Structure formats: C-alpha cells, structure tokens
Amino acid sequence: MSNARSAILERLRKAPKKPVPDLAPWSPYKTTTEQPLDRFRRLMGAVKGEIIDTKRADLAETLRKVLADKQAKNLLYAPNTEIGRTIDAAWATEPGPQLVAYDKPMEELKSLMINDIDAGITSTMGAIADTGSLIVWPSAEEPRLMSLVPPIHIAVLEASKMYDSFSEAVGKLGWNKKPPGNTLLISGPSKTADIEGILCFGVHGPKQLVIILITD
Amino acid sequence: MPELSHDFEHAAVKALGNQQLRTNFRRVMTGLMNKRAAQFPDPDELQALRSRGKSIKDRALAKLPDLLVQLEQNLIANGIQVHWAESVDEGNRIILDILRKANAKSLIKGKSMVSEEMHFNHFLEENNIRALESDLGEYIIQLAGEGPSHIVMPAIHKNKGEIGKLFQEKIDGQGYTDDPDELTAAARRVLRQMFANADAGFSGVNFAAADTGSLVLMSNEGNGRMSTHLPSMHIALMGIEKVIERLEDVGPLISLACRSATGQPITTYVNVISGPRKAGEKDGPKEVHLVILDNGRTRIYDDPQLREGLRCIRCAACMNHCPVYTRIGGHAYQYTYPGPIGEILNPQMQGIEKAGDVLHASSLCGRCAEVCPVKIPLVDLIVRLRRESIRPSADAVKGGGSRKSGMENVIWFGWKTMYANPLFYRWGTWWLRKIGNLMPAGLPLLKQWTSVRSKPQFASRSIYDLARERGIRDE
C-alpha cells in the first residue's frame, strides 16, 4: 500500500464533514406524446445515423442491399453469433461481398482491420429513446473493435428492445451487476467540431452508422 | 509546452489586440451558447436536472474517501490496477514506471485535462517516450507546440486556414487545404497508423462508478475508444473528485455535461470500461491501469466552501458564457484551466502568489454560476479567493495573503474611514468638489486609473446639498 494512498485518504477523512444530501427529485425521460421508437429515429437521424426497417427473415437480404449501396467489398463479422450464422447460411446459397471472420486475437487482424476492411456488423443490446443511442456490449464472440475500426458500422437492432432512458436500461439489463469489460452507447457515426466548431463526420471511428431495425 | 510568462495582465492586453483571435472566439462561443440554450427548452426540467446533478456530486464528495476505497476494491476485482499520486511529479513517475516495465516507447492519447495539468507529454518526451495526442483539437495544438485554449475544444483559437498551413508544414505529403472535412481526413489517416502501432494507450476519465468499478469516457470522435481498445495497454488518469456512487448516476450527469458543453443530447460514444481483455476475448488491452491524482485537491476539499468547486464536470459552459473569456481566449489565463473554473482551480493548485492574478479576470456578472450544470457558485468562490489573497483564513489556500499590498491597505483604510464617518465624509467630498477638477489626470496613483478611463467630472455642489435645498429632509 503506497504512502500516497494513505496520505490522500487520511487528509480526506480529517477534512470537515458535510451531511450526505438526498438525491434531488428528478425523473428520467419517460415516453409521453412521442413514441420511444419515433424519438429514437428522430435523434439518430439528426446525427446522421441511417435506419433501415426489415423483418427478421429478411435480415441477410437487407444486409446485402446495404453492402451494395455502400459499395463495401468486404464485411467483418462474428461467425459464432446468431447474426453470423444467418450471414453464413445466406452467403452459402448466394455469395456476397467477402466475409472476414473476427475469430482470432486482434494482433493477427489489426493491420487488415485498420487498412482494408470496409464494414463491420454487430448486434446490439437495444437502444435508448431519450438520447437516441444504441447499447452495445462487446463480447468474446463479438469483440470491441467490430463497431469501431471499420469505416461503416452496421448494427442490428430489435425494435422491441427500446428503453426510455439510460436509467431504465441500467436496471433492466442489470448493467450495474458486474458488467462486461467494455460496454457502450453509440449515438451516430464518429464526429468532431474541433475545427472552427464546424461539424465533420468520420474522424477516428466509423464514418457511417447503418442500423438495421428488426420490426417483428 | 510553450514558455508562459505567467503574467495574466500582459497576456490579456495582448489577446485583446488580436482581432483574429477575438473573431474566432466570438463566433464559436456564440454558437455554443445558442446550441446549449436550444437543448434546454424547459426551464423546470433544466433546474430539476441541475439539482439532481449537484446532489449526485455532493453525495459523492461527502462520502469521498469511502467511495475511493470502494472504487479501488471494485476496479481491482475487475482486473484494473490502481495507483495513487499526491503530486504531478509522482503521477508522472508512476506512469513512466508502468511504461518502462512494459518496454513501451510510444503512447497514443485520448483527451485528458489532468494530463495537461501534469505537463505529461513534455515529461515523457524528456524520457524518450513519444506521446501523441489523438483528439483532433489536441493533435492540432500538439503539432503547433501550443497548449489548449478551451477545455472541450482545445484548438478553437485557430481558424481553418491556420490549421491548413500547419498540416501542410507538419504532415508528410499533405498539400494545403482549408476544407475542414479534408483536414479531418488527413488527421484520420495519420492517426489510424499510430493507433495500430502505439505501445500503449492513454485516456482521462469523465466519471468513475464506485458500485461497478467502471471508468466512463465520453467522446465524439472515437479516439477515446481507439486509444483504449487498440494498444495492448491502457493507462487512465483522473483527479480524486471524479468518483461517483453508482453507474446509474452517469445518466443525468452525461445529459448535463453534453447539453451544457456542445448542445448535443449525448456524445457519439459513451465508453464504459470495467476491465481488461479477459481469457478467451479477442481484443481490448491486456492491462488496464488507473492513476488517481491529488495535486492540491485534498486541500480544496478541506474547506467546506471551496469544496464546491470539486463538483465540476468540465463541460466548459462557464467559459463559453464568460464575457472575459470570450474576449481574451484561453491562453491568456496562463495555466491549464481557463475561464471562471480556471480562476478557481489555478490559484488553488498553483498557489495565489503564482496564479492569483486570474482572480481579476471576472466582472462578477454571474453568468457562469447561472449556467453551471452542477450549480457551482463560481462568483462566490472567486470573491472568496480574492479575499484569501489579501486576508487569508487559516491555511485554506496556498499562497493566501500573498497579494497583500501596503498601498492598497492604506487606500482601503482611508476609504473605509471616510465612508463610515459622516464628518469625514462631508469633509472629504467638500475637498473633492473644490479641488477635484484641478487635479491633473497624470497624478501618481490616479494615473493608473485614468490610463484606461476618463477622469470623472466633480460637480460643484453635492447631491445632498441640492436635495436639502429642495426641502428633502435627511432621514
């Protein structure tokens, strides 16, 4: 145990005590007139997130269309997930853009990912209507970089998993019970206003965010 | 870091004469103020949210030592290594040791104001480790060899033409352009390779949740994620005041911070880091370290009133709305934190004898306190610190009393005596009426006042005489 630790804690403990106030009353965003999904669409649209509605059975076909529209020559995907298996099955009958499986440690894929991958596809845990955000929990099967490094991030969202607020999502997903190593909210493609306050998209993260919304 | 003169008055006068700088700041700050206002259309909602934010931070501060211990326990349980540093030197040394142990030669950085406070890049360079900033604004000022002029938009003092020239000069193969999209693309190209090749990643921390042992980072560009996910090691740095009780409390705080800072409902990314790469995972850093820094914060904490400044969530709304900041920009403040929050933090961290002059960079108009998302009474704290600089209470502030001046004391004593005693007051104003207009503006003492203002005209009869003549009775 370092000296700094005990010295800092000791000074804090010796300092004058103040009472612990109650949390001031405040309620997180709740749907009123605007439906949560409508709000999500509006806010995501405002930050250039594209939303494409589809049915569960048409996921692979919709994905094909997105890749063709965006002229993506390849796709980084997670083979051991439900989405991955759907893609594999669809590509087996009719091949599409080249599939690159994220099935080994990043050290072996880093250079390829940084330089040559056009698009990546991930699942989501749902979305938050209040701020127009996707909830993404990377995992061993679907690692962190899939939603970050490729210039196009395609996220699959089930319309039924819409939460009003971050607070609601924390409670319902058990986010505060031993969360995975990395969890995040994504609200649109990467952006900056560091030059004269002028908004530019696609700085370090994805330049485009396409949400495939499963409506059934 | 450039050499700073630490002379606020001189720097402020110089900045006021720089028309380009004033135009840059005026435009951007007006934009930010309007965007913020548009985010809070419902004043009741705003006040409820501010009260919530204040109470979250006040609760955290009231329980600070216990929460830091709880945070440490949960971070360690999550596999994150925790280090404590009392001073800037100690913080720098701890990080250098971590890097040396890993044989790391390069570091890619996400934005961190605490690292600016530590002059961390400079320190690493002296020790032959390359630290590269990846936030676009920070990258720009690093290329230019400057410090940040704003805590959220560090390169806001530069216009696109200046940035175009800088890139042309400093980036291999980059031609001149002043198109922000092309400039952004150039930075993306250069920094992508650095993200992939750097030996270690570095970041600040916006909030640390004690209940889950999580570090929460907000970023629009994605550089915060790139810096913390791609290199095999992630080192995070935070001040002791960043800890909060629950992950759930991040919701209202993010809402306050993002809407107040840039007028957006939320940043593009809210990155919650609760551990390194685990067995079986394919990416993420293999080691995550957190360095917790004091650097004068426990001393601020020791004073119940000054402690209120530790609620700050670094949104920059106070400087965006400050009539002084908007005119002189961030560099004139000389130290890491500009604007009203800097007027409070710098004198306390550096000592009033060194940084006390920024306490006068305020007209006390109160706009900063009105917009502060966590209700820091900035004006009261500035006034308190002004008092500390003359008449210190115990040992509250480093360098307290160092601004005391004999001449100032005499003048205030004279003023007080005259205003407290009717006889002296009448006698004094009688003399001013008689000879005030005859005094040349260039008299010693008077000269300092009249050098920037015209000398007042003294009326030959006082308002009291006139009132009495009209039969208005003394009450």
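Inspection of the range B:192-209 finds a residue satisfying the criterion of being farther than 25 Å from residue B:308 by Cβ, polar (S, T, N, Q), in contact (Cβ under 8 Å) with a residue 60 or more places away in the chain and part of a helix (DSSP H, G or I).
Residues are listed down the side, and each one gets a yes or a no for (1) at the interface with another protein chain (Cβ under 7 Å from one of its Cβ atoms); (2) assigned to a loop (DSSP other than H, G, I, E, B); (3) touching a Pro at 6+ places or on another chain (Cβ under 7 Å):
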| position | (1), (2), (3) |
| --- | --- |
| A:177 | no, yes, no |
| A:183 | yes, no, no |
| A:195 | yes, yes, yes |
| A:198 | yes, yes, yes |
| A:204 | yes, yes, no |
| A:210 | no, no, no |
| A:213 | no, no, no |
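The set of residues from the range B:164-206 being buried (at least 18 other Cβ atoms within 10 Å of the Cβ), among the aliphatic types (A, V, I, L, M) and within 9 Å of another protein chain (Cβ to nearest Cβ) comprises B:183, B:187, B:191, B:196. Would you mind stating whether residue B:259 is of a type in the set (Lys, Arg), touching a residue at least 40 places away in the same chain (Cβ under 8 Å) and more than 9 Å from chain A (Cβ to nearest Cβ)? For residue B:259, the condition - of a type in the set (Lys, Arg), touching a residue at least 40 places away in the same chain (Cβ under 8 Å) and more than 9 Å from chain A (Cβ to nearest Cβ) - is met. I'd like to verify a number: residues in the range B:72-87 that are in a helix (DSSP H, G or I) and either outside the structural domain of residue B:118 (by TED's automatic domain parsing) or in contact with a helix residue (DSSP H, G or I) (Cβ under 7 Å, 6 or more places away or on another chain) (or both), how many? Residues that pass the stated criteria total 0.
The single condition among (1) surrounded by fewer than 24 Cβ atoms within 10 Å (Cβ to Cβ); (2) outside any strand (DSSP E or B); (3) of a type outside the set (Asp, Glu); (4) within 7 Å of chain A (Cβ to nearest Cβ) that residue B:272 does not satisfy is (2). Considering (1) buried (at least 22 other Cβ atoms within 10 Å of the Cβ); (2) modelled with pLDDT of 95 or more, the lone condition that residue B:127 does not fulfil carries the number (1).
It is to be established whether one or more residues within the range A:156-174 are crowded, with 24+ Cβ neighbours inside 10 Å and in a loop (DSSP other than H, G, I, E, B). So far as the range A:156-174 goes, no, none of its residues is crowded, with 24+ Cβ neighbours inside 10 Å and in a loop (DSSP other than H, G, I, E, B). Scanning the range B:225-246 for residues that are in contact with a helix residue (DSSP H, G or I) (Cβ under 6 Å, 6 or more places away or on another chain), facing chain A (nearest Cβ under 10 Å) and in a helix (DSSP H, G or I) returns B:226, B:229, B:240. Within the range B:310-324, one or more residues are assigned to a helix (DSSP H, G or I), more than 10 Å from chain A (Cβ to nearest Cβ), surrounded by fewer than 24 Cβ atoms within 10 Å (Cβ to Cβ) and not hydrophobic (A, V, I, L, M, F, W, C).
Is it fair to say residue B:279 is among the small types (Gly, Ala, Ser), without any contact (Cβ under 8 Å) to a residue 40 or more places away in the chain and more than 7 Å from chain A (Cβ to nearest Cβ)? Yes; evaluated as a whole, the condition is true for this residue. Evaluation of residue B:35 against the conditions (1) within 10 Å of chain A (Cβ to nearest Cβ); (2) surrounded by fewer than 20 Cβ atoms within 10 Å (Cβ to Cβ); (3) over 15 Å from residue A:193 (Cβ atoms) shows that the sole unmet condition is (3).
A quick yes/no check of all residues on (1) more than 26 Å from residue B:117 (Cβ to Cβ); (2) assigned by TED's automatic domain parsing to the domain that holds residue B:275; (3) charged (D, E, K, R):
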residue	(1), (2), (3)
B:164	yes, yes, no
B:172	yes, yes, yes
B:178	yes, yes, yes
B:196	yes, yes, no
B:205	no, yes, no
B:210	no, yes, no
B:223	no, yes, no
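Results for (1) of a type outside the set (Gly, Ala, Ser); (2) more than 30 Å from residue A:178 (Cα to Cα); (3) within 9 Å of chain A (Cβ to nearest Cβ), shown as yes or no for each residue.
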position	(1), (2), (3)
B:81	yes, no, no
B:85	no, no, yes
B:90	yes, yes, yes
B:102	no, no, no
B:121	yes, yes, no
B:137	no, yes, yes
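Cβ-Cβ distances below 9 Å connect the following pairs, each with a first residue in the range B:432-449 that is free of Cβ contacts under 8 Å to residues at least 24 places away in the same chain, a second residue that is small (Gly, Ala, Ser) and surrounded by 11 or more Cβ atoms within 10 Å (Cβ to Cβ), and a separation of six or more residues or different chains: B:447/B:441; B:449/B:441. Just one of (1) more than 9 Å from chain A (Cβ to nearest Cβ); (2) touching a residue at least 24 places away in the same chain (Cβ under 8 Å); (3) surrounded by fewer than 24 Cβ atoms within 10 Å (Cβ to Cβ); (4) of a type outside the set (Asp, Glu) fails for residue B:159. It is (1). Of all the criteria given as (1) assigned to a helix (DSSP H, G or I); (2) within 21 Å of residue B:408 (Cα to Cα), the one not satisfied by residue B:442 is (1). Inside the range A:15-38, residues that are over 17 Å from the mean Cα position of the chain (by Cα), surrounded by 17 or more Cβ atoms within 10 Å (Cβ to Cβ) and either more than 10 Å from chain B (Cβ to nearest Cβ) or more than 25 Å from residue B:48 (Cβ to Cβ) (or both) make up a count of 2.
Of all residues in the range A:127-148, those satisfying the criterion of being touching a residue at least 40 places away in the same chain (Cβ under 8 Å), within 13 Å of the chain's Cα centre (by Cα) and farther than 17 Å from residue B:248 by Cα are A:132, A:138, A:139, A:142, A:143, A:145, A:146, A:147, A:148.
The values are calculated or read from the model by the stated rules, or taken from the named source; none is laboratory data. Please read these numbers as outputs of a predicted model, since none were measured by experiment. When we count neighbours, we look across all protein chains shown, and the Cβ atoms used for this are built from the backbone with ideal geometry, even at glycine.
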